[in-house]
1. Considering segment 171-220 alone, what residues qualify as being assigned to a loop (DSSP other than H, G, I, E, B) and out of contact with any Phe, Trp or Tyr (no Cβ under 6 Å at 6 or more places or on another chain)?
2. With respect to residue 212, is the statement that it is touching a residue at least 24 places away in the same chain (Cβ under 8 Å) and surrounded by 15 or more Cβ atoms within 10 Å (Cβ to Cβ) true?
3. Every residue in segment 258-295 that is at pLDDT below 95 and either in contact with a His (Cβ under 8 Å, 6 or more places away or on another chain) or of a type in the set (Phe, Trp, Tyr) (or both), please.
4. Please enumerate the residues belonging to segment 191-202 that are surrounded by fewer than 17 Cβ atoms within 10 Å (Cβ to Cβ) and aliphatic (A, V, I, L, M).
5. Check residue 173 against each of (1) modelled with pLDDT of 95 or more; (2) surrounded by 17 or more Cβ atoms within 10 Å (Cβ to Cβ); (3) not assigned by TED's automatic domain parsing to the domain that holds residue 245 and name the one condition it does not meet.
6. Out of 188, 205, which single residue is buried (at least 16 other Cβ atoms within 10 Å of the Cβ), under 30 Å from residue 283 (Cα atoms) and either outside the structural domain of residue 231 (by TED's automatic domain parsing) or at pLDDT 95 or above (or both)?
7. Mind listing whichever residues of segment 118-170 are part of a loop (DSSP other than H, G, I, E, B) and either of a type in the set (Lys, Arg) or closer than 19 Å to residue 108 by Cβ (or both)?
8. Which residue is nearest to residue 289 (Cα to Cα), if the candidates are limited to segment 233-278 and must be part of a loop (DSSP other than H, G, I, E, B) and touching a residue at least 12 places away in the same chain (Cβ under 8 Å)?
Amino acid sequence: MGNANVVDAGRTKTLERGSALARHRRLAGLALAATMAALLAGCASKEDDLGLDRTPADQLYNEGLVLQQAGKRADAVKKFEDVDRLHPYSDWAKKSVLMQAYTQFERGNHTECITAARRFITLYPGSPDAAYAQYLMAESYYKQIPDVSRDQERTGKAMQAYAELVQKYPDSPYADDARKKILTVKDQLAGKEMDVGRFYLRKGQHLAAINRFKVVTTDYQTTRHVEEALARLVEAYYALGVVNEAQTAAAVLGHNFPDSQWYKDSYSLLKTGGYEPNESSGSWISKSFRGFRIM
């Protein structure tokens, strides 16, 4: 009996050990399965993060259009970006880059619009829509033109963008508007030169002032600032004692704008010294206004 009990006890321990091992293996199997599932889920997540989903390009693009038309422009931009990112060589990607530019322009995100428009022009210079992309870029700079007292870098870029539009796409539907905007931009740039020139004039820095007014009279003759620029040249040259140039500026002013108050003021200034307007054909002022016609 004693031996039997020992055998039974040994069997029981063996069974318990076998059962425990089986449970351990089952748990290990479950843990491995869970780990593999987590890894697979992680891989799927990484694929999503990398944009490796397989949503068709046309579906993404149309979803973007729906969002854009619903006024959800930020979400629309993301959809268009997804098309461009997931299907970079498709026709839908081409359309999406342009729609990114347009939607960003509508949002007032002009820097982002410029980036997308420039990218479209770089990638698809021969596209019929390249003119529109150029127009969006120019308009974005135009919308950012600051007060005349501030730096005019964006104004200069607007000028350049509109000029490129007229040069490259002269027959496009946007060329006429670009030509009109160029006149407005030139007026702004001339206004900046006048603002700085007046500042120098008030400070008695006449040569620096003359350089600013010279830019207006040579580069921006068709703007509304040219009359004052000529009058200020009369004032600055007269203050320096360079009477012949002051007389020439007054003569050119009187010839082109005889009814201008600026001409009357310049004439009065010269009369205080016993002088009258008298044009010197060798003056840079006279040369720069040859062939000039009042717009």
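1. Here is the first cut: in segment 171-220, the ones assigned to a loop (DSSP other than H, G, I, E, B) are 171-174, 203-205, 220.
Within segment 171-220, 171, 172, 173, 203, 204, 205, 220 meet the criteria.
2. Values: touching a residue at least 24 places away in the same chain (Cβ under 8 Å): no; surrounded by 15 or more Cβ atoms within 10 Å (Cβ to Cβ): yes.
For residue 212, the condition - touching a residue at least 24 places away in the same chain (Cβ under 8 Å) and surrounded by 15 or more Cβ atoms within 10 Å (Cβ to Cβ) - is not met.
3. 289, 292
4. The first filter runs over segment 191-202 and keeps only residues surrounded by fewer than 17 Cβ atoms within 10 Å (Cβ to Cβ), leaving 195, 198-199, 202.
Those that are surrounded by fewer than 17 Cβ atoms within 10 Å (Cβ to Cβ) and aliphatic (A, V, I, L, M): none in segment 191-202.
5. So the condition that residue 173 fails would be (2).
6. On the way: 205 fails: buried (at least 16 other Cβ atoms within 10 Å of the Cβ).
Going through 188, 205 in turn, just one is buried (at least 16 other Cβ atoms within 10 Å of the Cβ), under 30 Å from residue 283 (Cα atoms) and either outside the structural domain of residue 231 (by TED's automatic domain parsing) or at pLDDT 95 or above (or both): 188.
7. In the first step, residues of segment 118-170 are kept if they are part of a loop (DSSP other than H, G, I, E, B); the result is 124-129, 144-152, 169-170.
Within segment 118-170, 144, 145, 146, 147, 150 qualify.
8. Ranking the qualifying residues of segment 233-278, first place goes to 257.
The values are calculated or read from the model by the stated rules, or taken from the named source; none is laboratory data. For clarity, every value in this text was computed on a predicted model and none was experimentally measured. Please note: Cβ atoms are built from the backbone with ideal geometry, for glycine as well, and neighbour counts cover all protein chains shown.
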